[in-house]
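Read the structure below first, then the notes.
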Amino acid sequence: MSAETGYRVWAVGGLPEVRAGDDLAKLVAAAEPGLADGDVLLVTSKIVSKAEGRVVRADDREAAVDAETVRVVARRGALRIVENRQGLVMAAAGVDASNTPAGTVLLLPEDPDASARAIRDGLRDALGVDVGVLVTDTFGRPWRAGLTDVAIGAAGVRVLDDLRGGTDAYGNPLGATVVATADELAAAGDLVKGKAAGLPVAVVRGLSRVVADDDGEGTRALVRGARDDMFRLGTSEAVRLAVTQRRTVRSFTDEPVDPGALRRAVAAALTAPAPHHTTPWRFVLLESARSRVRLLDAMRDAWIEDLRRDGRSEESIAKRVRRGDVLRNAPCLVVPCLVTDGSHTYGDARRDAAEREMFVVAAGAGVQNFLVALAGEQLGSAWVSSTMFCRDVVREVLELPGDWDPMGRWRSGIPRRSRRPGPCARWRASWRCGDLRAVPRLPS
């Protein structure tokens with residue numbers, strides 16, 4: 001294949017106002033009969049939506065946005081950035097109230113890739129040509145002012161150009177270069193299309209290398225999944241979403257937990273309020289499977305003895321133990337502990353009890369911060385109170401100081417739905433021996 005050193009892009013004129021039921025391929029073929037093999041047709045999503053009857057009655061645009069929203073990513077005033085039904089993260093779910101009759105709104109195509117395939121097939125039938133087709137829409141972008149067109153549907157276009165494994169002009173290996181070819185084509189078409197001039201279709205000629213023989217994978221490949229999205233949560237929305245995402249997770253993958261994610265969770269725990277400028281938290285991390293099994297076996301034995309003293313039958317005990325064993329499958333186990341260094345002694349039972357309660361509340365706040373931080377890292381967790389019922393056993397197995405009070409335990413890991421750790425925070429801790437015991441200190 002010869003190298004392509006240039007291309008031409010132009011807008012297609014002469015298209016009529018599109019209405020529901022119109023055949024876009026026939027309209028384009030009539031307006032641009034000179035389409036050739038290897039051309040790329042760029043079609044604004046608005047006319048695709050009109051042809052597919054995606055104009056709906058909606059006196060309240062916000063209600064229409066709600067109906068198309070799967071997940072709110074960020075909100076500021078009336079503006080919402082959301083993930084919509086097509087998996088696209090964009091303003092207002094792509095619901096458009098412009099260039100549509102009063103009292104109606106325009107939704108995005110139900111399946112933009114299928115729309116692109118239909119137009120491509122129609123042009124092949126009408127003109128006998130094999131072209132690539134992109135359905136485009138206007139997006140804002142994080143960290144950049146201004147709008148640009150991107151591809152939301154594709155057929156017959158190699159939407160990504162993966163250069164990884166190659167080398168640059170100096171022989172350096174390319175390890176992360178994947179070019180969003182479809183979006184670059186969409187942006188080029190937007191330079192000649194006119195939103196107000198009635199030019200919703202453009203053609204790119206001279207880049208036949210991006211046109212595939214088959215329909216290709218569509219634009220799904222351009223949508224970054226949750227697993228790889230380092231910026232899935234933002235500012236205040238991150239806190240709210242992390243809190244709402246923090247759920248008890250009981251099934252984990254075998255993937256190891258990023259130690260950095262745990263350090264950042266400790267950093268978050270350290271921001272919790274505490275009495276008398278103290279740090280009443282200690283987090284004991286059991287890294288090895290052997291250490292986790294040793295602790296859990298000892299706790300299970302203590303639990304069985306408690307159940308027997310309660311008069312439970314062996315069958316009942318076995319059933320309870322089986323339920324408890326569900327939480328043995330995570331790659332990470334953490335035991336939070338309360339210490340009351342710096343507490344005041346009043347010599348009065350009422351005031352001394354209140355003093356300890358202050359520390360218990362602070363420890364709970366630290367634990368909550370830790371768990372919310374794990375959720376923000378896309379890690380699942382399951383907190384259970386079991387270590388509080390056998391503190392002496394836990395202290396003995398883990399060789400903890402006598403004034404460390406275990407405050408439950410949690411299992412953490414990547415949920416079966418597949419999530420991955422993300423961004424960072426500062427922290428300070430001393431780590432000692434085998435199973436990585438973290439003793440947090442205030443930052444200096």
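Could you work out how far helix 349-376 tilts from the main Cα principal axis of the chain, as a 0 to 90 degree angle to the nearest 10?
The angle comes out at about 30 degrees.
What whole number of Å gives the distance from the Cα centroid of region 153-174 to the Cα centroid of region 18-61?
About 30 Å separates the Cα centre of region 18-61 from the one of region 153-174.
How much accessible area per residue does the chain have, in Å², with a 1.4 Å probe?
Numbers: 22790 Å² over 444 residues.
I get 51 Å² per residue for this part.
If a/c stays under 1.5 just call it rounded; otherwise compare a/b with b/c (prolate if a/b is bigger, oblate if not). Do that for region 95-222, with a ≥ b ≥ c from the square roots of the Cα gyration tensor eigenvalues.
oblate
How much FRET efficiency would the formula 1/(1 + (r/R0)^6) give for ALA145 and ARG75, where r is the Cβ-Cβ distance and R0 is 22 Å, rounded to 0.05? Working shown, then result.
Working: r = 20 Å, r/R0 = 0.89.
FRET efficiency, ALA145 to ARG75: 0.65.
At a 1.4 Å probe, what is the % contribution of carbon and sulfur to the accessible area of the chain? Don't jump to the answer; show the numbers that get you there.
Details: 11840 of 22790 Å².
Summing carbon and sulfur atoms, their accessible area is 52 percent of the total for the chain.
Accessible area of SER386, 1.4 Å probe, to the nearest 10 Å²?
40 Å²
When all protein chains stay in place, what accessible area (Å², nearest 10, 1.4 Å probe) is found for LEU163?
Its heavy atoms expose roughly 70 Å² to the probe.
GLU357 accessible area, nearest 10 Å², 1.4 Å probe?
GLU357 has an accessible surface of roughly 120 Å² with all protein chains in place.
Give, in nm to one decimal, the length gained when the segment between ARG294 and LEU174 is fully stretched (0.36 nm per residue of separation minus the Cα-Cα distance). Don't jump to the answer; show the numbers that get you there.
On the way: separation 120, 0.36 × 120 = 43.20 nm, distance 4.62 nm.
In short, 38.6 nm is gained.
Of the labelled options (1) 126; (2) 234; (3) 166, which one gives volume of the Cα convex hull per residue in Å³ as computed for this structure?
Evaluating volume of the Cα convex hull per residue in Å³ on these atoms matches (2).
Among ARG205, ARG308, ARG292, what's the order by accessible area (1.4 angstrom probe), most exposed first?
Details: ARG205 80, ARG308 115, ARG292 30 Å².
Ranking ARG205, ARG308, ARG292 by accessible area, largest first, yields ARG308, ARG205, ARG292.
At a 1.4 Å probe radius, which order do ARG227, ARG264, ARG309 fall into by accessible area, largest first?
Values: ARG227 70, ARG264 40, ARG309 170 Å².
Ranking ARG227, ARG264, ARG309 by accessible area, largest first, yields ARG309, ARG227, ARG264.
Take every Cα pair under 8 Å in region 280-384 that's 6+ residues apart, average their separations, divide by the length, and report that relative contact order as a whole percent.
37 percent
What is the gain in length, in nm to one decimal, between PHE231 and ASP214 on full extension, counting 0.36 nm per residue of separation less the C-alpha to C-alpha distance? Could you put the intermediate results ahead of the total?
Values: separation 17, 0.36 × 17 = 6.12 nm, distance 3.33 nm.
Gain on extension, PHE231 to ASP214, equals 2.8 nm.
At ARG8 and GLU399, where each label point lies 7 Å from the Cα along Cα→Cβ, what is the point-to-point distance in nanometres?
In this crude spin-label approximation the distance works out to 7.9 nm.
Describe numerically, in nm with one decimal, the distance between label points set 7 Å from Cα along Cα→Cβ at ASN99 and at THR271.
Here the modelled spin labels are 4.3 nm apart.
Only Cα pairs under 8 Å and at least 6 apart count here; give the relative contact order of region 1-131 as a rounded whole percent.
Numbers: 176 pairs, mean separation 36.3, N = 131.
Dividing the mean separation by the residue count of region 1-131 yields 28 percent.
Classify region 1-123 as rounded, prolate or oblate, taking a ≥ b ≥ c as the square roots of the eigenvalues of its Cα gyration tensor: rounded when a/c is under 1.5, otherwise prolate if a/b is larger than b/c and oblate if not. Kindly include the intermediate steps, with their values, before the conclusion.
Numbers: a/c = 2.51, a/b = 1.65, b/c = 1.52.
Prolate, since a/c reaches 1.5 and a/b exceeds b/c.
Count charges around VAL201 for me, please; just the other residues with Cβ under 10 Å from its Cβ, Lys/Arg as +1, Asp/Glu as -1. Don't skip to the answer; put the middle values down first.
On the way: positive: LYS193; negative: GLU32.
Summing Lys and Arg as +1 and Asp and Glu as -1 gives 0.
What net charge is computed for the residues neighbouring LEU107, neighbours being all others with C-beta under 13 Å from the C-beta of LEU107, Lys and Arg scored +1, Asp and Glu -1?
On the way: positive: LYS46, LYS50, ARG54, ARG57, ARG61, ARG85; negative: GLU52, ASP66, GLU68, ASP96, GLU110, ASP111, ASP137.
Its environment carries a net charge of -1.
Given the -39500 (n - 2.57) contribution per DSSP H run of 4+ residues, what per-residue ellipticity at 222 nm results for the chain, rounded to the nearest 500 deg cm²/dmol? Intermediate results must be reported in sequence, preceding the final value.
Numbers: 11 runs with 139 residues, N = 444.
Value at 222 nm, helices only, nearest 500: -10000 deg cm²/dmol.
How tilted is helix 259-269 with respect to the longest principal axis of the chain? Cα atoms for both, answer in degrees (0 to 90, nearest 10).
Computed tilt is about 70 degrees.
Keeping all protein chains in place and using 1.4 angstrom, which order do ASP162, ASP39 fall into by accessible surface area, from largest down? Walk me through the numbers before you get to the answer.
Numbers: ASP162 80, ASP39 5 Å².
Result of the area sort, largest leading: ASP162, ASP39.
Report relative contact order for the chain in percent, whole number only (criteria: Cα-Cα under 8 Å, sequence separation at least 6).
Details: 838 pairs, mean separation 71.0, N = 444.
It comes to 16 percent, rounded to a whole number.
Could you give the angle, 0 to 90 degrees to the nearest 10, between helix 112-127's Cα long axis and the longest principal axis of the Cα atoms of the chain?
Around 20 degrees separate the two axes.
The values are calculated or read from the model by the stated rules, or taken from the named source; none is laboratory data. Computed from a prediction, not measured in an experiment: that's the story for all the values here. Because the Cβ atoms are built from the backbone with ideal geometry, glycine has one as well, and the counts that use them run over all protein chains shown. For accessibility, only protein heavy atoms count, side chains too; no ligands or nucleic acids. Shrake-Rupley method; radii C 1.70, N 1.55, O 1.52, S 1.80 Å.
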